[in-house]
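Peer 1: To start, I am sharing the structure in question, which I have written as structure tokens.
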Amino acid sequence: MNVSLGSVCYILEIMPRFLLIIFGLVAALILLTGCRWGPFAAATPTQPAPTNHSTPSALPTFTVEPAAVSTPSALPAPESTPAVLPYSTLFEVAWEDRSLFAADLISSEQWALAKLPGATVYHIEVEIDESLTELHGRQQFLYTNRTSTSLDHLYLRLFPQLFGGTAAASDILVNGQPAMPTLSLRGSALSIPLSPPLRPGEQVVVSLTFAITIPTTPEGNYGAFATIDNIMALAHFYPMVSVYNEAGWNIEIAPPAGDVVFAEASFYLVRITAPADLVLITSGITREQQTTGSQQTVTVTAGPARDFYLAGSPDFITISGISGETIVNSYTLPQYEERGRAALDYTLYALELFGRLFGPYPYTELDLASTPNQALGIEYPGVFVNTLNLYNSQERFELYMESTTVHETAHQWFYNIVGNDQLDEPWLDEAMAQYATYLYFLDRYGADGAQAYYDSFTFRWSRGAGNADIPIGLPVGDYTLAEYSAIVYGRGPLFLITLQEEMGVDTFATFLPQYYRTYQWGVATSTGFQFLAEQHCTCDLTTLFEAWVYP
Ligand SMILES: [Zn+2]
């Protein structure tokens, strides 16, 4: 079905708010099924849619202090590091110095810095050219073998290769020694030999240079990795360490429907040189900013975080608000200021609510931006993007903007903080984000608002899968495109509401913060979710999980 814009807007203007909610969401759903793969694709299915070891002489003059909101604050001098661990030569700071990231976290979440032993530490330096279509970088990272297996190689993902751009890595050194990599999977999987093999608990420092070309059309990347209309979006641009688990190295190319990344929480120290007029948006927080002539150099820290996102535009304006110790920045184009303010309002409300329901948002910053992406919204650590289509269209998409913005905010909890294998168990972040959005409408607009959003779930399930009892716990690749939306985004949250009834509303409400704390900065699984829920309710949920989740 295709609906003309004019008639819809007229109707919307005369409707009272909650009826508007009901009408808007049903209308949005009709639209959604109409243009599933059009520019307003179903609410928020995120698309792919993409040195030497000298002891440091002069150390950078950084000191740690609480991140003054929006003012860059300096980094600490490195403490003495165990002799065996070299300093990074890119930044001359100690690899294991977690105090660098204290300013990224609110005071009650500082404990995370003492956790995550062996988490990968990335030091990255990039230069972005004037046209925003080329990026050159140097990267060093400390990798610890946290598996129980000796590893004779490790894999890096070069995602731009899959997004219609190119990524080439060279000058690869392993603990300062040259290494000959091999490429596979359309050049998106780079295997680096480790000789001798890295035994469990052992660490290695890998350094390399990389060159990226950025496409200027959304073909093959849904605008998630492209520079379009002076807006640069660089999802997963740097060589990313792959996850090794019981399935081995997770390097498969993601199916078109779902998210492309499965990553572990890591720490990022990044220096970006870019045109001076570029308004930069990144995961983490800006620690230092210098402008020299037509260029700016910005130093950013982010961590713990499952990825490092980078975007920007010389045309962006910034609208900011505060929630507790967190600054929230909404970036958009001047002509969309009002929509940027609305998106900020939804984000602030959701941030406060989810903090109460699940546990605190740990970062001192959250950014959202409007980009020409062809999903509705896409989540990254500490940042999410909404499609510009939600900003540049009339009133009729206001509810889309609200549900999308809240869904993406919820992904900070369920994707980034509580991780999952987004390719093999997408429901753990997508169904949870849908359920959290339902709780938002319930809290903000009452039962009617929640009912309308609930109806969107049943509508999806019936529309996309005819209410078939297809398990929600399948890998993305096991669903057709229509089933993926219907089952993971429709049947998925319905399962969580059914589980809530089964466990009891109060028991479920206390289970969620426990689930959050148990898997914070870790990787949750369907069986782990069930086990924890059963422990929490001291009940057997096998029948329910077999009926809804497991194949
Ligand atoms: Zn999502």
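Peer 1: Would it be correct to say that residue 363 is away from the ligand (no atom under 16 Å from the Cβ), touching a Ser or Thr at 6+ places or on another chain (Cβ under 7 Å) and not polar (S, T, N, Q)?
Peer 2: Judged against the criteria, residue 363 is a match.
Peer 1: Quick check, is residue 230 more than 16 Å from the ligand (Cβ to nearest atom) and either open to solvent by 10 Å² or more (accessible area, probe 1.4 Å) or among the aromatic types (Phe, Trp, Tyr) (or both)?
Peer 2: Yes.
Peer 1: Looking only at strands (runs of 3 or more DSSP E) that fall completely inside the stretch 306-357, which ones have 3 or more residues that are over 21 Å from residue 229 (Cα atoms)?
Peer 2: 317-323, 326-332
Peer 1: Which residue is nearest to the ligand (Cβ to nearest atom), if the candidates are limited to the stretch 429-479 and must be closer than 26 Å to residue 417 by Cα and among the small types (Gly, Ala, Ser)?
Peer 2: For the stretch 429-479, the residue satisfying everything is 433.
Peer 1: Right, next: In the stretch 496-525, how many are within 22 Å of residue 305 (Cα to Cα) and surrounded by 13 or more Cβ atoms within 10 Å (Cβ to Cβ)?
Peer 2: Counting residues in the stretch 496-525 that are within 22 Å of residue 305 (Cα to Cα) and surrounded by 13 or more Cβ atoms within 10 Å (Cβ to Cβ) gives 13.
Peer 1: Residue 330 fails exactly one of the following numbered conditions: (1) within 18 Å of the chain's Cα centre (by Cα); (2) surrounded by fewer than 23 Cβ atoms within 10 Å (Cβ to Cβ). What is the number of that condition?
Peer 2: Of (1) within 18 Å of the chain's Cα centre (by Cα); (2) surrounded by fewer than 23 Cβ atoms within 10 Å (Cβ to Cβ), only one is false for residue 330: (2).
Peer 1: Would it be correct to say that residue 312 is open to solvent by less than 10 Å² (accessible area, probe 1.4 Å), touching a Leu at 6+ places or on another chain (Cβ under 6 Å) and not polar (S, T, N, Q)?
Peer 2: Yes: the conditions hold for residue 312.
Peer 1: Restricting to the stretch 173-195, count the residues that are exposed (fewer than 11 other Cβ atoms within 10 Å of the Cβ) and either among the small types (Gly, Ala, Ser) or not assigned by TED's automatic domain parsing to the domain that holds residue 158 (or both).
Peer 2: 1
Peer 1: Determine if the stretch 136-149 includes at least one residue that is in contact with a Ser or Thr (Cβ under 6 Å, 6 or more places away or on another chain) and farther than 19 Å from residue 307 by Cα.
Peer 2: no
Conditions tested, residue by residue: (1) hydrophobic (A, V, I, L, M, F, W, C); (2) at pLDDT below 95.
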| residue | (1), (2) |
| --- | --- |
| 42 | yes, yes |
| 46 | no, yes |
| 54 | no, yes |
| 58 | yes, yes |
| 76 | no, yes |
| 93 | yes, yes |
| 104 | no, no |
| 109 | no, no |
| 137 | no, no |
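Peer 1: Same structure, new question: Output the number of residues of the stretch 244-267 satisfying the condition of being open to solvent by less than 20 Å² (accessible area, probe 1.4 Å) and under 24 Å from residue 370 (Cβ atoms).
Peer 2: 5
Peer 1: Hey, another quick one. Inspect all residues belonging to the stretch 318-339 and state whether any of them is within 16 Å of the ligand (Cβ to nearest atom) and of a type in the set (Val, Ile, Thr).
Peer 2: Checking the stretch 318-339: not a single residue is within 16 Å of the ligand (Cβ to nearest atom) and of a type in the set (Val, Ile, Thr).
The values are calculated or read from the model by the stated rules, or taken from the named source; none is laboratory data. This is a predicted model, so every value here is computed, not measured. Note that each Cβ is placed from the backbone with ideal geometry, even for glycine, and that neighbours are counted across all protein chains shown. Accessible surface is based on the protein model in full, side chains and every heavy atom, while ligands, DNA and RNA are left aside. Shrake-Rupley method; radii C 1.70, N 1.55, O 1.52, S 1.80 Å.
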